[in-house]
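First up is the structure itself, then whatever we jot down about it.
The values are calculated or read from the model by the stated rules, or taken from the named source; none is laboratory data. Note that the structure is a prediction, hence the values are computed from the model and not measured. Here the Cβ positions follow ideal geometry from the backbone for every residue, glycine too, while neighbour counts run over all protein chains shown. Note: accessible area is taken over every heavy atom of the protein model, side chains too, but ligands, DNA and RNA are not part of it. Shrake-Rupley method; radii C 1.70, N 1.55, O 1.52, S 1.80 Å.
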Amino acid sequence: MKIRFEERKVLKEKPDFNNLGFGKYYTDYMFMMDWYSDKGFTDPRIIPYGPIEFDPASLVLHYAQETFEGMKAYKTEDGRILLFRPDMNAKRFQRSNARLCMPEVPVEDFIQAVNDVVAKEKDWIPTAPGTSLYIRPYMFAYNAKLGVHAADHYKFMVILSPVGSYYKEGLKPVSIYVEDELVRAVKGGTGYAKCGGNYASSILAQMKAEAKGFSQVLWLDGVEHKYVEEVGTMNAMFVIDGKIVTAPCEGSVLPGVTRDSMIKVLKDKGYVVEERKLSIDELMEAAKNGSLTEAFGTGTAAVISPIGVLSYKDEVFFNNNKIGEISQMLYDTLTGIQTGKLEDKYGWTYEVK
Ligand SMILES: *Cc1c(COP(=O)(O)O)cnc(C)c1O
């Protein structure tokens, strides 16, 4: 793929890299490529970051035909730039697009687009512990048409945002509200796809949790409202009787890259990992009798998010608000590999050139 480059006249002033927050700042350039039903993918380009024009009847604005990915680039102590398992994101993007009837970007083109725009913006990668350059590849239906149908014109884009540490003083446990009415996904729906629509429909439950004083939602399955699926926008893992239990990816659970990596690290270290249905009753019972020793969410943005408080119906379970041993080990191992501090024996890192 030959990517054209359009230079911007004035570069932005860089933000204070010690106070980045999440998704507050965007870099100087972005990647864009169009797809037309009669031409396929065309005009890959790196252009100045800036607003896009939309026809008021653009399909995405009405029917939410949109998919995305979330990745991070890290700068190592010796100045190399690393991505973490970008092929996994490329392949998941294809599966999401197939579900939403959108064109699939070839894996090598997806990786090249990310590589080239990150390489161009290497001065925007923060280096303090916990910071990184967040990468957001996405695609949406662009042409104007009010009939519900696949589009004739899509845009594939990649934007970049330097982000701060999720945890300023080390890992911090969050409080979770178990949502037993609203659902995130059902088998046959779009739960396994990373698409904007899943998020639009999740906000109400998130607001409900916040209004009750909790920071995130634990989602139960959409049919029986019984089995634990995900936590907020992360996969969920529980340590029960020393074994790690996580929901299987069978249609309604998003197959996380972090989830997959942690399962491999855990098995490698001799832990038993069970990908199985876990009912909320079993979970609350384990919380009550003490066999539940750790609970956490996993995802690219936070890597790991320990659960300190779990609330279901009128019961509240407190995990002493401490960080578990396994949670800390997983955080240290993953971030160590991602930032080049630990040996990458799995071959997960990809050097941006
Ligand atoms: C992105 C996402 C995750 C985490 O996936 P990672 O690849 O680990 O970042 C989990 N659940 C949902 C619903 C997601 O959208």
How many nm is it between the label spots at Ile52 and Lys212, if each spot is 7 Å from the Cα in line with the beta carbon?
3.7
How do 36-49, 254-267 rank on mean C-beta neighbours within 10 Å, highest first?
254-267, 36-49
Listed by chain and number, the lysines with an alpha carbon less than 29 angstrom from that of Lys39, same-chain partners under 8 positions apart left out, are Lys2, Lys91, Lys120, Lys145, Lys155, Lys194
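Please state the equivalent ellipsoid semi-axes for the chain: what are the square roots of 5 times the Cα gyration tensor eigenvalues, largest first, in whole Å?
Value: 34, 25, 18 Å, ordered largest first.
Note the direction-averaged projected area, equal to a quarter of the hull surface, for the Cα convex hull of segment 196-238, in nm².
If you wrap the Cα atoms of segment 196-238 in a convex hull and average its projections, you get 3.4 nm².
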Per 0.36 nm of contour for each residue apart, how much would the distance between Lys277 and Glu315 grow if the chain were fully extended, relative to their Cα-Cα spacing?
11.5 nm
So how tilted is helix 325-338 from the main axis of the chain? Cα-based, degrees 0 to 90, rounded to 10.
20
Counting only GluC sites (Glu not before Pro) that are in a DSSP loop and have at most 10 other C-beta atoms within 10 Å, tell me the longest site-free stretch of the chain.
225-342
Quick one: if you stick a label point 7 Å off each Cα along the C-beta vector at Ser291 and Thr127, how many nm between them?
5.0
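With a Förster radius of 45 Å, plug the Cβ-Cβ distance of Arg8 and His225 into 1/(1 + (r/R0)^6) and report the FRET value to the nearest 0.05.
Numbers: r = 51 Å, r/R0 = 1.12.
It comes out at approximately 0.35.
Can you tell me the accessible area per residue over segment 240-353, all protein chains present, probe 1.4 angstrom, in square angstrom? Present the calculation step by step, with values, prior to reporting the outcome.
On the way: 5130 Å² over 114 residues.
It amounts to 45 Å² per residue over segment 240-353.
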Of Lys226/Lys269; Lys75/Lys264; Lys122/Lys341; Lys269/Lys353; Lys24/Lys264, those spanning more than 29 Å from alpha-carbon to alpha-carbon:
Lys226/Lys269; Lys269/Lys353; Lys24/Lys264
If each DSSP helix of 4+ residues adds -39,500 (n - 2.57) and the sum is divided by the residues in the chain, what number results at 222 nm, nearest 500 deg cm²/dmol?
-7000 deg cm²/dmol
Taking one equal scatterer on every alpha-carbon of segment 140-290, how large is log10 of I(q)/I(0) by Debye at q = 0.11, 0.13 1/Å?
-0.54, -0.74
Residues of segment 211-244 with amide N under 19 Å of the 7 Å Cα→Cβ point at Glu181:
211-227, 232
Using only alpha carbon pairs under 8 Å that are at least six residues apart, calculate the relative contact order of the chain and give it in whole percent.
19
